[in-house]
1. Looking only at the range 77-97, which residues are over 36 Å from the mean Cα position of the chain (by Cα) and closer than 26 Å to Arg214 by Cβ?
2. Just one of Gln332, Gln327 is in the same structural domain as Gly171 (by the TED database), touching a Gly at 6+ places or on another chain (Cβ under 9 Å) and modelled with pLDDT under 95; which is it?
3. What is the number of the single condition among (1) open to solvent by 20 Å² or more (accessible area, probe 1.4 Å); (2) at pLDDT 95 or above; (3) of a type in the set (Val, Ile, Thr) that Thr84 does not meet?
4. For the range 61-81, name all the residues that are under 21 Å from Ala203 (Cα atoms) and surrounded by 20 or more Cβ atoms within 10 Å (Cβ to Cβ).
5. Out of the residues in the range 178-209 meeting the condition of being among the polar types (S, T, N, Q) and not in a helix (DSSP H, G or I), tell me which one is farthest from Ala447 (Cα to Cα).
6. Considering only residues of the range 443-463 that are part of a loop (DSSP other than H, G, I, E, B) and open to solvent by 80 Å² or more (accessible area, probe 1.4 Å), which is farthest from Ser370 (Cα to Cα)?
7. If you check every pair at least six apart or on different chains, which have Cβ atoms under 6 Å apart with a residue in the range 198-209 that is more than 12 Å from Ala235 (Cβ to Cβ) first and a residue that is open to solvent by 30 Å² or more (accessible area, probe 1.4 Å) and β-branched (Val, Ile, Thr) second?
8. Which fully enclosed helices (runs of 4 or more DSSP H) of the range 320-423 have 2 or more residues being hydrophobic (A, V, I, L, M, F, W, C) and surrounded by fewer than 17 Cβ atoms within 10 Å (Cβ to Cβ)?
Amino acid sequence: MSDKSSNQMWGGRFAAGPDAIMEAINASIGYDQRMAKQDIEGSRAHAAMLAATGIITDNDAEVIREGLLTVLSEIDSGTFQFSTALEDIHMNVEARLKEIVGEPAGRLHTARSRNDQVATDFKLWVRDQIDASIEGIEALMKALIGQAEVGYDWVMPGFTHLQTAQPVTWGHHMMAYVEMLGRDLSRFKDARARMNESPLGAAALAGTSFPIDRHMTAAALGFDRPAANSLDAVADRDFALEFLSNASICAMHLSRFAEELVIWSSAQFRFVTMSDKWSTGSSIMPQKRNPDAAELLRAKLGRIFGANVALMTVMKGLPLTYSKDMQEDKEQVFDAADNFLLSLAAMTGMVSDMTGHKDSLAAAAGSGFSTATDLADWCVRALNMPFRDAHHVTGSLVALAEEKGCDLPDLTLEDMKSVNDQITEEVFGVLGVDNSVASRMSYGGTAPAQVLVQIKRWKKELE
């Protein structure tokens, strides 16, 4: 077969043949250039350490460190020329550094490998995303607390199976998401503490024979300590997996609330109005206001979940230590981080700007026999009735109310006595939705007084 026909087999953009394909599959500079800041930060710390330990001269270290700042300035200004032939951000930076400072640039890579270099860069980048996530979660929690304070005593229906169950308060519902996000916050903080060990100095996999000071570089980069095993240091991507896992759980929480906002803002519910900033109109139906931001946020979850599964799959079969498979560890993490942080910001905006409708919430709270459990509880307390018997009596009263086309508080005392003649006028004191929520004073309950306790607790936590 001729070279011409052989090349045609590769087709399209790879018509140049195997070399072009290998360059394309091997290069990561198209996406890992996002780690330029972290790469230069790590290299500057490494150069300072090499000088402090006498491995290179102070003069060479200073020239290298200043040259790296010039490279960073070029990258920040958009004048840096990235090359796929140089594969990755590390080689691109080093090649440009050599153009700027000459021979000392070749000394920078002493006592390190691209294996520990990329692990360090990536860990620094993920740590920055964790910090941004913590900040974003806290902002959303404060927005939810703000909504809870406004409507701490507004009654609304509480649901199970999306069926009216018992009355709750708007504040209580908002604070439920604060609790969820509080767990998310804890997970990100735990992950940050766990991942904060420096891989730098592990070299290719076995450490180095040079007299380096790994504690010095770890401290310079804000790590708590150097990683204790050089094999694990270059092979570990748990920090990225834990970030994706935590982001997935938190994004799932955001998606659940986004689903509620979609439902609540519908004409059938009218619980909330979404701000025009977070809604769009229909191209054909002028009456519509579509909760597009909530719907898009709900969909973003798929990308974040997918990134988590993708990286798990990359790592699941790799022997120690580094394999080229691990180059596939970044794109999905970058995409997930972008979409997660965007989702947090969008949800914070939606929550801050949305308007809850107290009257609509109250009207819905009283429908669907939502105080049936209060009636059963009253029978237990006031009539000393076993709960199973009280449940049966209440069920019969619900059936009677359905037959009459009214709600439980609208039944007459005679109606109730027709089911059980022990019932007295006192029962009407527990049937109103306001009475119902006010009675739920158990710790963590929906009573307005309890909601205020939790608001105060979380405001103090977030100070």
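1. Leu97
2. Gln332
3. Result: Thr84 fails condition (2) only.
4. First, pick out the residues of the range 61-81 that are under 21 Å from Ala203 (Cα atoms): 61, 64-65, 68.
Selection gives Ala61, Ile64, Leu68.
5. It comes out as Ser209.
6. To start, the set of residues in the range 443-463 that are part of a loop (DSSP other than H, G, I, E, B) comprises 443-447, 462-463.
With open to solvent by 80 Å² or more (accessible area, probe 1.4 Å) added as a condition, the list becomes 443, 463.
On the way: Tyr443: 21, Glu463: 37 Å.
For the range 443-463, the residue satisfying everything is Glu463.
7. Gly201/Ile212
8. Values: elements: 331-353, 358-365, 372-383, 387-404, 413-417.
Passing ranges, in order: 331-353, 372-383, 387-404.
The values are calculated or read from the model by the stated rules, or taken from the named source; none is laboratory data. Owing to the predicted nature of the structure, the values given are computational and were not obtained by experimental measurement. Reconstructed Cβ throughout: ideal geometry from the backbone, glycine too, with neighbour counts over all protein chains shown. These area figures cover heavy atoms from the full protein model, side chains too; ligands, DNA and RNA do not enter into them. Shrake-Rupley method; radii C 1.70, N 1.55, O 1.52, S 1.80 Å.
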